[in-house]
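Peer 1: Here it is, the structure, as structure tokens.
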Amino acid sequence: MKPTIDYTLYLVTDRALMSTPTLAEAVNAACAGGVTLVQLREKHVTDDEYVAIAREVKAICDKHGVPLIINDNPNVAVAVDAAGVHVGQEDLEASRVRDIVGPDAIVGVSAASVAEARAAQAAGADYLGVGAIVATATKPEAGIVTRDELAAIIDAVDIPVVAIGGVNAQTIPTLAGLGLAGYSVVSAIIAADDIEASAAELHKVIAEGEGR
């Protein structure tokens, strides 16, 4: 059975941006502050290194009851028994990811158009990460998805949609009322001087905007 996922406040890690000495400290503080889902994103490590990092992060997530998603590497997800995998448009196709992780894992796919969103859902995606909402230093190559385009994507699919790219306390209120399942955050949490307090504040902003 697939795990029940709360996408409300979805942290994506980035060790280049984190304000803490270690990733473990950053994830622990974010979970303590109210993050509901964590995606471990490691682009420049070997598979063995990725597994080791993922095991450490998963132990922290498990302590807080927060599911862990692995970015772009279904084999690592299987190795550490993570809740699932997230892939981009240039990564492994969702149906092939499903073959690796099995029927009970969560598979997320990045999308920036209605066509990409529908294709991802047809391929078996459980949720979509849609953006970038505004230009970001984290992924400068990502195109901008307007509020109207985001609304069209939400209307076009039957799976949860999470806003990604430039999500922070200022941009979250501009997206309220669209029917988003949640908000995916990188720098607004991981780069904050007080990660726990920033996560708690973002959780509050989402709750106020969405009436949760």
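Peer 1: Give the residue that is farthest from the chain's Cα centre (by Cα), with candidates limited to residues of region 148-166 that are under 19 Å from Leu9 (Cα atoms) and either of a type outside the set (A, V, I, L, M) or not in a helix (DSSP H, G or I) (or both).
Peer 2: Ranking the qualifying residues of region 148-166, first place goes to Ile159.
Peer 1: Continuing with the same structure: Testing Val76 on (1) farther than 20 Å from Thr36 by Cβ; (2) buried (at least 16 other Cβ atoms within 10 Å of the Cβ); (3) out of contact with any Phe, Trp or Tyr (no Cβ under 6 Å at 6 or more places or on another chain), one condition comes back false. Which one is that?
Peer 2: Failed condition: (3).
Peer 1: Against the condition at pLDDT 95 or above and hydrophobic (A, V, I, L, M, F, W, C), how does Ile144 come out, does it pass?
Peer 2: Working: at pLDDT 95 or above: no; hydrophobic (A, V, I, L, M, F, W, C): yes.
Judged against the criteria, Ile144 is not a match.
Peer 1: Just checking, which of Ala169, Ala156, Ala152 is in contact (Cβ under 8 Å) with a residue 24 or more places away in the chain, surrounded by fewer than 22 Cβ atoms within 10 Å (Cβ to Cβ) and more than 13 Å from Val130 (Cα to Cα)?
Peer 2: Values: Ala156 fails: more than 13 Å from Val130 (Cα to Cα); Ala152 fails: more than 13 Å from Val130 (Cα to Cα).
That would be Ala169, the only listed residue that is in contact (Cβ under 8 Å) with a residue 24 or more places away in the chain, surrounded by fewer than 22 Cβ atoms within 10 Å (Cβ to Cβ) and more than 13 Å from Val130 (Cα to Cα).
Peer 1: Going by the conditions given, is Thr8 under 16 Å from the mean Cα position of the chain (by Cα), under 15 Å from Val186 (Cβ atoms) and either of a type in the set (Gly, Ala, Ser) or surrounded by 15 or more Cβ atoms within 10 Å (Cβ to Cβ) (or both)? Break it down into steps so the answer makes sense when it comes.
Peer 2: Details: under 16 Å from the mean Cα position of the chain (by Cα): yes; under 15 Å from Val186 (Cβ atoms): no; either of a type in the set (Gly, Ala, Ser) or surrounded by 15 or more Cβ atoms within 10 Å (Cβ to Cβ) (or both): yes.
No: the conditions fail for Thr8.
Peer 1: Go through region 176-195 and count every residue that is assigned to a loop (DSSP other than H, G, I, E, B), touching an Asp or Glu at 6+ places or on another chain (Cβ under 7 Å) and at pLDDT 95 or above. Spell out how you get there, then give the answer.
Peer 2: Pass one, region 176-195, residues assigned to a loop (DSSP other than H, G, I, E, B): 176-181, 186, 191-194.
Next, from what is left, pick out any that are touching an Asp or Glu at 6+ places or on another chain (Cβ under 7 Å): 176, 186.
Okay, now just the ones that are also at pLDDT 95 or above, so 186.
Residues meeting the conditions: 1.
Peer 1: Could I ask something else about it? Go through (1) under 19 Å from Gln89 (Cα atoms); (2) surrounded by fewer than 19 Cβ atoms within 10 Å (Cβ to Cβ); (3) out of contact with any Ser or Thr (no Cβ under 8 Å at 6 or more places or on another chain); (4) of a type outside the set (A, V, I, L, M, F, W, C) one by one and return the number of the condition Glu208 breaks.
Peer 2: It is condition (1) that Glu208 fails.
Peer 1: Among the listed residues Ala16, Ala32, identify the single one that is surrounded by fewer than 19 Cβ atoms within 10 Å (Cβ to Cβ), over 26 Å from Gly143 (Cβ atoms) and small (Gly, Ala, Ser).
Peer 2: Working: Ala16 fails: over 26 Å from Gly143 (Cβ atoms).
Answer to the check: Ala32.
Peer 1: Which condition breaks for Pro3 when tested against (1) touching a helix residue (DSSP H, G or I) at 6+ places or on another chain (Cβ under 8 Å); (2) assigned to a loop (DSSP other than H, G, I, E, B); (3) touching a residue at least 60 places away in the same chain (Cβ under 8 Å)?
Peer 2: (1)
Peer 1: If only one of Ala16, Ala59 is without any contact (Cβ under 8 Å) to a residue 12 or more places away in the chain, within 23 Å of Tyr183 (Cβ to Cβ) and over 16 Å from the mean Cα position of the chain (by Cα), which one is it? Write out each step before concluding.
Peer 2: Numbers: Ala59 fails: within 23 Å of Tyr183 (Cβ to Cβ).
Ala16 is the lone residue from the list that is without any contact (Cβ under 8 Å) to a residue 12 or more places away in the chain, within 23 Å of Tyr183 (Cβ to Cβ) and over 16 Å from the mean Cα position of the chain (by Cα).
Peer 1: Residue check, Lys63 against (1) farther than 18 Å from Leu202 by Cα; (2) surrounded by 16 or more Cβ atoms within 10 Å (Cβ to Cβ), all met but one. Which one?
Peer 2: (2)
The values are calculated or read from the model by the stated rules, or taken from the named source; none is laboratory data. Just so it is clear, the structure is predicted and the values come from calculations on it, not from any experiment. Note: ideal-geometry Cβ built from the backbone for every residue, glycine included; neighbour counts use all protein chains shown.
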